[in-house]
Amino acid sequence: MDQEKVNILLVDDQPAKLLAYEVILKDLGENLVIASSGREALEVLLKTEIAVILVDVCMPELDGFELAAMIREHPRFQKTAMIFISAIQVSDIDRLRGYEMGAVDYVPVPVVPEVLRAKIKVFAELYRKTRELERLNHELEDRVRARTAELESSTAKLRESEQRRSMAIAAGKMGSWDWDWDWVSGDWMWDEGQYRIFGVSAERFEVNPANVQALLHPDDVDQLRKAIAEFNKGTRAYETEFRIVRPDGEVRWCVGTAAATVDESGRVVRVSGVTVDITERKRAEERQNLLAREVDHRAKNALALAQSIVRLTRADEVKDYVNAVEGRINALARVHTILSLSSWQGAELSRLIDEELAPYSLGDQIRLAGPEVQLLPATAQTLALALHELFTNSAKYGALSTRSGRLAIDWRVEDELLTLSWEESGGPLVMAPKSRGFGTRSLLASVESQLGGQAQFDWRAEGLLCRLEVPLTRRTATAGPGKFDTSGSAELQRASG
């Protein structure tokens with residue numbers, strides 16, 4: 001491979017000498033650059049990279065020493081090789097001065113061609129090697145920078161990945177662990193998530209077999225022994241659910257997944273795994289199962305009530321019968337909707353009254369007054385039907401059957417006893433009934449039997465006055481899951497008899 005040519009600057013004010021130097025150095029195969037004065041040489045240096053400068057000491061205006069001093073002052077040329085040529089005999093002092101100015105060698109006149117070529121060749125090769133080393137050094141630095149950038153990028157990605165993993169573990173309530181396969185003396189490694197799940201800190205908790213087993217629920221310790229036995233039999237992966245008991249006494253459900261690492265002989269040498277806290281899922285499953293049983297119970301109760309309504313409703317005409325049944329079942333459906341929206345936690349008394357008022361356009365005929373009262377589901381269902389009967393009777397025969405009629409509903413709570421007052425006025429003349437209809441009998445039966453309360457009626461001429469007293473804490477209407485309370489329908493049957 002051909003070597004890259006370097007530039008050699010020949011500086012002399014005599015053309016004949018310059019020509020002689022060209023002839024002598026031609027065989028070196030380098031680029032020879034000519035300058036006939038010190039100023040011209042400076043111009044060349046500013047434009048061209050020069051490997052070696054061959055300069056005559058004795059030149060007019062700017063001699064070799066002065067030129068060398070100016071060249072050395074420039075940062076680019078502080079290491080450029082300069083060889084002085086002198087046609088006069090120089091003393092040691094002159095040589096010392098020349099070396100101080102930056103000369104690397106002296107060549108006396110007459111010039112010996114072989115000696116000059118040898119000197120120039122040495123410095124040209126030195127320059128070429130220096131440039132090659134600089135180039136290689138730059139390439140190496142570039143590679144180092146590129147590799148460093150790759151490592152930094154890889155490290156950043158690894159750090160980001162670890163952060164994402166940590167965030168995912170934290171968000172997913174997960175922890176990871178590692179265990180040298182030796183129950184007695186094997187090393188354990190827990191990450192932050194594992195400590196968090198078990199409710200301990202890395203600073204105060206030493207991970208060892210005894211301490212880990214102490215945190216397991218006593219009924220689930222066998223799960224750990226079973227897992228160890230399975231791995232000893234050759235199982236490579238194992239998953240199980242277990243409970244832990246945190247130091248503060250809280251019980252948590254977890255699912256553990258483990259995988260074994262084996263040596264060349266197939267012997268387990270390490271087990272790594274992930275622990276996931278599934279307590280919330282377990283609680284959700286329990287709530288779901290409880291809700292399913294509760295829904296089943298509520299549905300059976302509702303069906304029993306609907307069945308009683310259909311069987312016991314009396315009417316002289318089919319249309320009246322259909323309207324009566326539909327009204328009572330719709331009342332039951334409305335309260336069921338209210339309870340569903342509260343996840344069967346209960347219902348507000350004012351909401352029940354509003355729902356019963358909804359079918360009527362009564363304007364200012366009705367006055368309501370009372371505090372917010374939260375009713376138990378069974379109480380809400382029974383009271384909704386009772387209110388429906390009162391509204392229905394009032395709309396047909398009482399104060400709400402005429403625009404002049406007025407209705408005031410007041411309620412209060414004292415010592416967990418709800419007292420509701422229903423007072424009608426301004427309607428048709430009221431006469432006490434000779435016998436109780438189904439609505440009145442069912443209202444009495446449901447309030448007294450189902451809720452353990454009392455219902456009192458005062459058939460005043462100016463309007464009905466009804467007083468209901470309902471205990472808020474009694475749960476007689478709430479049977480256990482899988483059973484439904486039919487006492488209400490039975491009482492209705494007796495009332496209709």
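No value in this document is a laboratory result; all are computed from the given coordinates. Keep in mind the model is a prediction, meaning the values are calculated, not measured. Please note: Cβ atoms are built from the backbone with ideal geometry, for glycine as well, and neighbour counts cover all protein chains shown.
Tabulated results
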| item | result |
| --- | --- |
| Under the Karplus curve 6.51 cos²θ - 1.76 cosθ + 1.60, θ = phi - 60°, whole-Hz ³J(HN,Hα) for the stretch 228-243, x wherever Gly or Pro sits | 4, 5, 5, 5, 5, 7, x, 5, 9, 9, 8, 9, 7, 9, 7, 10 |
| By average C-beta atoms within 10 angstrom, highest first, the peptides 141-151, 9-19, 341-351 | 9-19, 341-351, 141-151 |
| Proxy reagent accessibility, fewest Cβ within 10 Å first, across Phe198, Phe457 | Phe457, Phe198 |
| Measure of compaction for the stretch 7-137 (Cα Rg per 2.2 N^0.38 Å) | 0.99 |
| Proportion of all alpha-carbon pairs of the stretch 172-277 beyond 24 Å (%) | 18 percent |
| Amide H within-cut-off set for Arg460, under 5 Å, with H built and near neighbours excluded | Leu465 |
| Entries of Lys5/Lys119; Lys319/Lys434; Lys173/Lys233 with Cα pairs more than 22 Å apart | Lys319/Lys434; Lys173/Lys233 |
| Extension gain (nm, one decimal) between Val413 and Val109, 0.36 nm per residue minus Cα-Cα | 96.4 nm |
| Under 5 Å, built H, 5+ apart or other chain: amide partners of Gly426 | Arg406 |
| Distance between modelled label sites at Asn330 and Ala69, nm, 7 Å Cα→Cβ extension | 11.9 nm |
| Percentage relative contact order, the stretch 348-422, counting C-alpha pairs under 8 Å, at least six apart | 34 percent |
| The stretch 172-277 - percent relative contact order, Cα under 8 Å, separation 6 or more | 31 percent |
| Centroid-to-centroid separation of the stretch 207-254 and the stretch 19-65 [C-alpha atoms, Å] | 88 Å |
| Residues whose placed amide H lies under 5 Å from that of Leu418, excluding near-sequence neighbours | Val470, Leu472 |
